[in-house]
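Chemist: Structure provided below as structure tokens; questions to follow.
Values quoted throughout were computed directly from the atomic coordinates according to the rules given, and no laboratory measurement underlies them. What you see is a predicted model, and the numbers here were worked out from it, not measured in a lab. Methodologically, a virtual Cβ is constructed for each residue, glycine included, from the backbone with ideal geometry; neighbour enumeration extends over all protein chains shown.
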Amino acid sequence: MNKIEEFRSFRSEMNEKILATDNKVVKRIFSLDSLAFKEGALDVKTKEMIGLTISLSLRCDDCVKYHLEKCKEVGFTNEQIIEGMSIANLIGGTIVIPHLRRAVAYLEELDSETL
């Protein structure tokens with residue numbers, strides 16, 4: 001199993017286990033997250049770039065991977081993604097650089113998956 005499949009599988013498996021606990025707060029958080037990324041005053045594409053850049057500046061590698069996949073799905077080019085991440089790095093500071101490295105590596109993996 002490659003790193004992309006591993007990430008997707010783990011995320012899916014754990015989400016199922018978490019939701020199976022039937023915790024009302026957790027279910028509402030998951031629901032709110034899904035609702036927030038639907039079309040609204042901002043389009044889905046914009047929301048995904050916001051999700052990616054905030055995730056990077058907050059240094060959440062799992063969130064970065066998720067939003068990188070979504071940014072590719074909604075049609076961002078690598079150049080646009082890198083530019084967005086450069087702003088996140090500027091705002092987050094040098095502590096974000098290791099996460100930027102991992103993000104770029106994952107972006108390369110996503111690109112090789114689509115070849």
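Chemist: Cα axis of helix 78-92 to longest principal axis of the chain: angle in degrees, 0 to 90, nearest 10?
Modeler: 80
Chemist: Turning to a different aspect of this structure: Which of rounded, prolate, oblate describes the range 1-53, given a ≥ b ≥ c as roots of the alpha-carbon gyration tensor eigenvalues and a/c under 1.5 marking rounded, otherwise prolate only if a/b is larger than b/c? Write down the numbers at each step before the final one.
Modeler: Numbers: a/c = 3.48, a/b = 1.21, b/c = 2.88.
It is oblate, given that a/c is not under 1.5 and a/b is not larger than b/c.
Chemist: Also: Output the 0 to 90 degree angle, nearest 10, between the alpha-carbon long axis of helix 44-57 and the longest principal axis computed from the alpha carbons of the chain.
Modeler: 80
Chemist: Could you list V64, V44 in order of exposure, starting from the residue whose Cβ has the fewest other Cβ atoms within 10 Å?
Modeler: Placing the least packed residue first, the sequence is V44, V64.
Chemist: How would you rank C63, C71, going from fewest to most other Cβ atoms within 10 Å of each one's own Cβ?
Modeler: On the way: C63 15, C71 24.
Arranged by neighbour count, lowest to highest, C63, C71 become C63, C71.
Chemist: Another one. If the cut-off is a Cα-Cα distance under 26 Å, which lysines reach K3, setting aside same-chain residues fewer than 8 apart in sequence?
Modeler: K17, K45, K47, K65, K70, K72
Chemist: Among E83, E109, rank each residue by its count of other Cβ atoms within 10 Å, from fewest to most, as a rough exposure measure.
Modeler: On the way: E83 12, E109 15.
By the 10 Å Cβ count, ascending: E83, E109.
Chemist: Ok, one more. With a cap of 11 neighbouring Cβ atoms within 10 Å, and only residues DSSP puts in a loop, list the GluC sites (Glu not before Pro) found in the range 17-76.
Modeler: Numbers: sites: E39, E48, E69, E73; in loops: E39.
Answer by residue number: E39.
Chemist: Still on this model: Is the shape of the range 39-115 best called rounded, prolate or oblate, per the rule: a/c under 1.5 gives rounded, else a/b larger than b/c gives prolate, else oblate, with a ≥ b ≥ c the square roots of the Cα gyration tensor eigenvalues? Show your work: numbers first, answer last.
Modeler: Numbers: a/c = 1.83, a/b = 1.10, b/c = 1.65.
In terms of gyration-tensor shape, oblate.
Chemist: Between helix 61-73 and the chain, what is the angle of the helix's C-alpha long axis to the longest principal axis, kept within 0 to 90° and rounded to the nearest 10?
Modeler: 80
Chemist: In addition: Find how much the distance from L90 to D62 grows on full extension, using 0.36 nm per residue of separation minus their present alpha carbon separation; answer in nm with one decimal. List each step's numbers first, then the result.
Modeler: Details: separation 28, 0.36 × 28 = 10.08 nm, distance 2.02 nm.
Length gained, L90 through D62: 8.1 nm.
Chemist: Along the Cα→Cβ direction, 7 angstrom out, place labels at V74 and A41. What is the inter-label distance in nm?
Modeler: 1.6
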